[in-house]
Amino acid sequence: MRVGAWRWWMGSTVTAAMMAAAALAQPGATTQLEFVNTLMPQPAQLTIGEGWLPVAPGFSVGFDRTHDERLETAVQRDLRRLENQTGVMIQDAAPGAAATLTISVDGPGEAVQGVDEDESCTLDITPQHALLHAATDVGAIRGLETLLQLIQADTRGFWLPAVSIQDAPRFRWRGLMIDVGRHFEPVSVIERTLDGMAEVKMNVFHWHLTDDQGFRIESKLYPRLTGMGSDGQYYTQDQAREVVAYARARGIRVVPEFDIPGHTTSWMVGYPDLASAPGPFSIERRFGVFDPVMDPTRESTWEFLDKFIGEMAEIFPDAFMHIGGDENNGVEWQHNAKIQAFAAAHDLHGTAAIQAYFNQRLLPILTKHGKKMIGWDEVLTPDLPKDVVVQSWRGFDSLAAGAKQGYSGILSAGYYLDHMDPASAHYRVDPLPANSGLTPEQASRILGGEACMWSESVSPRTIDSRIWPRTAAIAERLWSPRTVTSEDDMYRRLAVESLRLEALGLTHISQESASLRALAGTPDIDTLRPLMAVLEPVDFDTRSKWSQHHGVTTLSPLDNLVDALPPDPPSQHDFGDLMSTYLQDPIDHPEIEAALQETFRSWSADPRRMELLSTSPQLAEALPRAQQLAEMGTMGLEALSYLSSGVQPPPGWKAQKLAILDEAQKPVALTRFTILPAMRALVNEVR
Ligand code: ACM
């Protein structure tokens with residue numbers, strides 16, 4: 001455990017890098033330069049050598065062979081980041097002269113990046129020279145990120161450790177899905193997300209472009225799709241092409257999703273003939289599973305889909321097109337006599353069978369337009385052709401069942417960012433666990449996984465804090481060897497990674513303070529920090545039920561306290577870590593006891609905190625939280641004193657404190673405490 005880590009969530013501006021620098025600057029600190037490994041994801045193989053390569057004026061970069069524009073642009077982009085990070089001007093090596101960093105790439109890679117693109121790279125750094133070698137531009141792009149993450153700093157300047165790295169991803173498909181149907185995200189948000197993805201070596205942006213609540217991509221053939229189904233919030237085709245190019249420049253594929261036959265209300269607002277029930281339809285404002293579903297019995301549906309998919313295929317060059325296929329409740333099909341007669345005539349029994357028919361007709365249309373099909377679990381029905389890829393949102397078992405039947409698949413169950421689980425929970429989810437029971441051939445069909453950012457409760461302002469930094473832990477699970485599993489080490493590196501992501505322009509850290517200032521109507525929010533640092537949003541189910549009960553829609557504001565708070569804030573892991581270290585031997589850890597005392601005192605019922613919370617109607621909802629925190633501060637100080645003195649608490653003390661913790665467990669203002677397991681452990685230790 002790092003003593004001092006607790007400062008990080010007490011609102012101090014001390015960073016891990018500053019603490020490391022301070023440690024080195026102390027008299028008597030080791031003068032041996034020690035490489036601190038903060039790589040995220042961890043590489044496949046890393047060997048630490050002797051010495052270091054200074055990153056200092058005169059550092060130059062060159063290519064040993066020809067290279068294309070994509071690589072040139074990527075290198076220039078990353079060198080500017082290196083300069084911003086170090087303040088050191090980097091030079092292009094003079095023609096024929098030896099460079100400090102040589103980039104050696106065999107060729108550009110695939111014209112349209114595919115699942116099997118070679119992303120491997122090697123990085124050999126000695127005190128004299130660094131060599132980055134890759135088979136493709138994409139491998140070089142991955143290696144450049146590693147190089148930037150390797151930079152070390154101390155009082156003597158910036159340097160690269162002498163290392164030898166051989167790297168390649170464990171899984172070929174490492175994606176992030178963003179649902180822009182329920183809440184739209186502007187191009188600027190998508191592009192900064194792509195920057196973050198590249199930083200952690202993710203390679204698929206899955207763009208969930210259509211859903212009941214919005215149709216978000218321009219169709220020139222069917223203009224009423226966005227004209228009536230988007231509230232004016234959609235991407236033009238030029239913008240979509242821009243995003244595709246932006247992603248390609250970073251070695252990221254873009255897989256568009258057009259979720260059909262269900263989740264299609266927004267299509268039917270402008271084109272009601274697509275539906276299986278009479279219209280009119282209006283854009284869905286609520287959340288859940290709805291009845292509108294395409295009519296597979298009308299030829300006009302197939303003509304529409306043929307033309308629409310052909311149009312989209314021109315915009316999105318990726319080999320795959322995602323057709324959704326999830327959560328069709330079959331209601332409209334059951335109530336439509338013509339569809340029921342059609343089903344009877346074709347021996348289709350039930351919704352799943354009709355949907356299988358739907359997919360059988362859809363598949364040749366995708367094939368005709370050069371696309372392979374990918375869909376959610378529900379597409380996996382008997383007779384589904386084996387080249388359809390299945391994305392599992394229901395669990396590993398359904399992924400494994402698909403793999404056994406010959407289907408390739410990717411895992412998303414366990415990677416739902418909207419569930420508000422901690423990074424550690426996602427990190428434990430392995431698309432191919434050691435005990436999978438799959439043969440090597442079946443295992444090879446598990447292509448990887450995707451984090452999913454469903455957007456019921458996500459806005460452009462809050463999306464970064466929902467995606468980052470937890471997604472970096474998922475990215476590591478998908479890139480690094482299976483044996484990289486230490487959660488403590490993951491959190492140690494995630495704290496640094498979070499800062500690197502912020503330096504790229506992501507707002508997952510800054511958003512909290514900005515939103516709290518907006519809620520409080522004052523820049524003086526320091527008094528709120530000790531409370532806000534130990535609160536996080538409630539889980540998905542709790543928020544969903546609350547939203548349903550309160551009639552929340554896509555039009556409801558998303559600037560309540562819960563939206564300001566990031567999931568899995570540093571306090572969750574760091575306070576738990578601090579407490580468990582302390583509890584291993586309370587007498588022997590005076591410095592940790594002192595840190596805990598300082599923390600507990602910061603939880604006291606500060607009158608300024610209470611006053612500030614009271615002046616804002618939205619913040620006032622959290623007043624009970626401030627009271628509970630104060631009670632826990634008192635409880636904590638008492639527990640420390642009982643433990644250090646060996647004095648027994650009065651009868652009933654423990655039961656009373658545990659009752660307070662039980663009360664604090666209940667949701668208030670859609671928030672929950674991060675500190676309860678540690679507080680419970682502390683109270684239980686008092687005997
Ligand atoms: C899904 O979560 N319905 C794919």
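The values are calculated or read from the model by the stated rules, or taken from the named source; none is laboratory data. These numbers come from a predicted model, not from an experiment. Reconstructed Cβ throughout: ideal geometry from the backbone, glycine too, with neighbour counts over all protein chains shown. For accessibility, only protein heavy atoms count, side chains too; no ligands or nucleic acids. Shrake-Rupley method; radii C 1.70, N 1.55, O 1.52, S 1.80 Å.
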Subject >> Debye equation applied to the C-alpha atoms of the chain, log10 I(q)/I(0) at 0.08, 0.10, 0.12 Å⁻¹ >> reply: -0.69, -1.03, -1.35
Original post:
How many angstrom lie between the C-alpha centres of the range 66-96 and the range 524-595?
Top reply: 40 Å
Original post:
So what are the ³J(HN,Hα) numbers for the range 617-624, from phi and the Karplus equation (6.51, -1.76, 1.60; θ = phi - 60°), rounded to whole Hz, Gly and Pro as x?
Top reply: x, 6, 6, 4, 4, 8, 3, x
**OP:** Can you grab the distance from the C-alpha centre of the range 498-516 to the C-alpha centre of the range 110-155, Å, no decimals?
**Re:** 26 Å
Original post:
Beyond 26 Å, what share of the Cα-Cα pairs of the range 403-540 remains, rounded to the nearest whole percent?
Top reply: 34 percent
Original post:
At what distance in nm do the modelled label points of residue 518 and residue 441 sit from each other, each positioned 7 Å from its Cα along Cα→Cβ?
Top reply: 5.5 nm
**OP:** Would you work out what percent of the accessible area of the range 133-257, with all protein chains in place, is carbon or sulfur (probe 1.4 Å)?
**Re:** 53 percent
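Tell me the net charge near residue 525. Cut-off is 14 Å between Cβ atoms, residue 525 excluded, with +1 for each Lys or Arg and -1 for each Asp or Glu. Kindly include the intermediate steps, with their values, before the conclusion.
On the way: positive: 517, 529, 608, 609; negative: 512, 524, 526, 606, 611.
That works out to -1.
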Original post:
In percent, how large is the relative contact order of the range 264-327, given Cα pairs closer than 8 Å and 6 or more residues apart?
Top reply: 26 percent
Subject >> Computed over the range 217-315, Cα set: Rg, Dmax in Å >> reply: 14.5, 45
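Excluding residue 640 itself, what net charge comes from residues whose Cβ is under 12 Å from its Cβ, given Lys and Arg +1 and Asp and Glu -1?
Working: positive: 601; negative: 593, 598, 638, 685.
Net local charge, residue 640 excluded: -3.
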**OP:** Please give every one of the aspartates and glutamates within straight-line cross-link reach of residue 545, meaning a C-alpha to C-alpha distance under 15 Å, and leave out same-chain neighbours fewer than 8 residues apart.
**Re:** 418, 456
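For a protection proxy built on the mean count of beta-carbon atoms within 10 angstrom, sort 216-226, 582-592, 250-260 highest first, please.
Numbers: 216-226: 17.8, 582-592: 14.2, 250-260: 24.3.
Output ranking for 216-226, 582-592, 250-260: 250-260, 216-226, 582-592.
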Original post:
What pairs in 338/371; 307/368; 307/371; 307/386; 201/372 have C-alpha atoms more than 19 Å from each other?
Top reply: 338/371; 307/386; 201/372
**OP:** Report, by chain and number, residues whose modeled amide H sits under 5 Å from the one on residue 391, excluding near sequence neighbours (fewer than 5 apart, same chain).
**Re:** 375, 376, 377, 410
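Just to confirm, what accessible area per residue do you get for the chain at 1.4 Å probe, in whole Å²?
Dividing the accessible area of the chain by its residue count gives 39 Å².
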**OP:** Count the DSSP beta bridges whose two residues both fall in the chain, then state the antiparallel fraction as a percent rounded to the nearest 5.
**Re:** 40 percent
**OP:** Let me have the relative contact order for the chain, percent, based on Cα pairs under 8 Å that are six or more residues apart.
**Re:** 12 percent
**OP:** Please give the calculated 222 nm ellipticity per residue for the chain, where each DSSP H segment of at least 4 residues contributes -39500 (n - 2.57) and the sum is spread over every residue; nearest 500 deg cm²/dmol?
**Re:** -13000 deg cm²/dmol
